[in-house]
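The values are calculated or read from the model by the stated rules, or taken from the named source; none is laboratory data. Bear in mind the structure is a predicted one, so any value in this text is a computation, not a measurement. Virtual Cβ from ideal backbone geometry, glycine too; neighbours counted across all protein chains shown. These area figures cover heavy atoms from the full protein model, side chains too; ligands, DNA and RNA do not enter into them. Shrake-Rupley method; radii C 1.70, N 1.55, O 1.52, S 1.80 Å.
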Amino acid sequence: MNTALVIVNIRSLIQTENNVRTKISGKEMAGLSIINDAFLYIRNGIILDFGNMSDLELGDIPLDDPEIIYINASGKLVFPSFCDSHTHLVYAGSREAEFTDKIRGLSYEEIARRGGGILNSAARLHDTSEEELYQQSSVRIREIIALGTGAVEIKSGYGLDVEDELKMLRVIRRIKNSFPLEVKATFLGAHAIPKNYLNKRDEYIDLIINEMIPVIASEDLADYIDVFCDRGFYTIEETEKILMAGMKYGLTAKIHANELDYSGGIQTGVKYNALSVDHLECTGDDEIAMLLDSDTMPTLLPGSSFFLGLKDPPARKMIDAGLPVALASDYNPGSSPSGNMKLIMSLGCIKLRMLPEEVINAVTINSAYAMDISRTHGSIARGKVANVFITKEIPSYEFMPYAFGSDLIDTVILKGEIVKY
Ligand code: NIG
Ligand code: FE
């Protein structure tokens, strides 16, 4: 493969960097580097050059090379692909019956206590073959690629026994080997306590530690380890035990924290040097102080607080205190049945009061950091992987989160190839 693409006459090239940063924090999140009337030169899957159209002839591009495919993007914008650092998109079936229960007044926790929620998805997944699970998940992957996502983290956690957790992780690996987007896998055996262990949770935790983690590590099926550390799910002590076991096998922590309560999850994540702590609806001054003194990326999932009607995480307060913030979709059947990162940007602006520049940083470079890929993804920089999308004709980058219901993505380029699904 030796594809060379030159995108010319780009109305605005968004999120360009000459010196790459791994994350963007505090006040700097309101800054966004853009080049108007720009070109972008891609070869062999890598961004080689970009700049103003008036400099096109001064660069190294062999403009008369017949191999070069020119794309005219006049009136259009080019963005780095979205990085979605938190999803559960490998699942079986769907849970719209619980959606109706919620409308009738049941809370997420009440539904979970009645055997709905995560346990409902676990039962469905158990009855679904690996092949069928792959087919269902592939539909969602094609969908998010068309919606502009170029890197995605996917969690297990609807298996809740050795065989079914491995089934999920194998499906994630097959996705990684079959699609052009970047994929990171997270082992989330501690997503819920399975039905048959409700009165012997210690035994399930032993199963995670002694049986699941060693096999997963030996087959190299996961990059990260996650725990749903919150009221009604896993305690701090249990979370610490599980994280330590995973870390012994080289899995980095990334945890679900402080969604339902001030549960100490953020502090635990920071203590174990988690790459990210995610959800964070219940974040106060103590949690912010801990995060400021850490390398952990606070990751907010406004799709799930919107869908469940929870209070919103205090994004403004976090950014104003100097923290970086990443946004991700949480694509899953129970709390956020959408992987649409453009909609997540809109929710970031509308619900979390983040500025358009802040949400763009949050869904690109900062969410790349939360997947440990911000050196290669998440901005338009020379040497980075050529994952970008071209919009339809739109007036400005602010138009993307503003026009919250419109499909504005025209062309998707992943690893330097134009992708069509
Ligand atoms: O991130 N909070 C925990 N887990 C998922 C929801 C999973 C489900 O309901 O299926 C989440 O929101
Ligand atoms: Fe989640």
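Angle, helix 341-350 long axis vs. longest principal axis of the chain, Cα atoms, 0 to 90°, nearest 10? Between the helix axis and the principal axis of the chain, the angle is about 80 degrees.
Bridge orientation summary for segment 82-369: considering DSSP beta bridges with both residues in this region, about 5 percent are antiparallel. Each residue of segment 45-52 is assigned a 3J(HN,Hα), and the resulting list reads x, 10, 6, 9, 7, 7, x, 6 Hz, derived from the Karplus form 6.51 cos²θ - 1.76 cosθ + 1.60 (θ = phi - 60°), x at Gly and Pro. Proximity of backbone amide H atoms, modeled 1.01 Å from N, is registered between Val152 and Asp84, Glu182, Val183, Lys184 at under 5 Å, excluding neighbours fewer than 5 places apart on the same chain. Partner aspartates and glutamates whose Cα lies under 17 Å from the Cα of Lys102, excluding those fewer than 8 positions away in the same chain, are identified as Glu110. Each residue of segment 318-327 is assigned a 3J(HN,Hα), and the resulting list reads 5, 5, 5, 7, x, 7, x, 9, 10, 10 Hz, derived from the Karplus form 6.51 cos²θ - 1.76 cosθ + 1.60 (θ = phi - 60°), x at Gly and Pro. Apolar share of the accessible surface for the chain: 49 percent from carbon plus sulfur atoms, 1.4 Å probe. Mind jotting down the distance between the C-alpha centroids of segment 69-87 and segment 259-279, whole Å? A separation of 32 Å, based on Cα centres. Sparsely packed loop sites in segment 2-110 (the trypsin sites (Lys or Arg not before Pro) outside DSSP H, G, I, E and B with at most 14 other Cβ atoms within 10 Å) comprise Arg104. When +1 charges are put on Lys and Arg Cβ atoms and -1 charges on Asp and Glu Cβ atoms, the dipole computed for the chain relative to its Cα centre reaches about 460 debye.
Compared with the dominant Cα axis of the chain, that is its longest principal axis, helix 236-248 is turned about 60°. Taking the Cα centre of each part, how many Å lie between segment 208-235 and segment 31-45? Their Cα centres are 40 Å away from one another.
Using every pair of distinct Cα positions in the chain, the Kirkwood expression returns a hydrodynamic radius of 21.7 angstrom.
Residue-wise HN-Hα couplings along segment 161-176, as the Karplus relation 6.51 cos²θ - 1.76 cosθ + 1.60 with θ = phi - 60° gives them from phi, are 8, 4, 4, 6, 5, 5, 4, 4, 5, 5, 5, 4, 5, 5, 4, 4 Hz; Gly and Pro carry x. Per residue, the chain exposes 38 Å² of solvent-accessible protein surface, assessed with a 1.4 angstrom probe and all protein chains in place. Throw me the Rg/Rh for segment 283-421, computed over C-alpha atoms with Kirkwood Rh, two decimals. Computed over Cα atoms, the ratio is 0.97. Lysines within cross-link reach of Lys271: Cα-Cα under 17 Å, excluding same-chain residues under 8 positions apart? Hits, sequence-local ones excluded: Lys241, Lys248, Lys254. Modelled label positions at Asp320 and Arg114, each set 7 Å beyond Cα in the direction of Cβ, lie 4.0 nm from each other. Of the residues Tyr249, Tyr402, the one with the largest accessible area comes first in the ranking Tyr402, Tyr249, computed with a 1.4 Å probe on protein heavy atoms. Which of the pairs Lys76/Lys420; Lys176/Lys200; Lys184/Lys420; Lys200/Lys311; Lys27/Lys384 have their Cα atoms more than 30 Å apart in this structure? Beyond 30 Å between Cα atoms: Lys176/Lys200; Lys200/Lys311. For the pair Ser218 and Ser129, a Förster radius of 25 Å applied to the C-beta separation gives a FRET efficiency near 0.60, rounded to the nearest 0.05.
Within the straight-line cut-off of under 19 Å between alpha carbons, the aspartates and glutamates reachable from Lys317 are Glu28, Glu259, Asp261, Asp278, Glu281, Asp285, Asp286, Glu287, Asp293, Asp295, Glu357, Glu358, sequence neighbours fewer than 8 places apart in one chain being disregarded.
Summary value for segment 82-369: 18 percent relative contact order, contacts being C-alpha pairs under 8 angstrom separated by 6+ residues.
Against the chain, whose longest principal axis comes from its Cα atoms, helix 117-126 is set at around 80 degrees.
Among the GluC sites (Glu not before Pro) found in segment 189-258, those both in a DSSP coil and sparsely packed, with 14 or fewer other Cβ atoms within 10 Å of their Cβ, are Glu219. On full extension, the segment bounded by Ser94 and Ser406 gains 109.9 nm, given 0.36 nm per residue less the C-alpha separation.
When you filter the GluC sites (Glu not before Pro) in segment 54-110 for DSSP loop state and at most 16 other Cβ atoms inside 10 Å of their Cβ, you are left with Glu67. Distance from the alpha carbon centroid of segment 138-197 to that of segment 334-382 works out to 20 angstrom.
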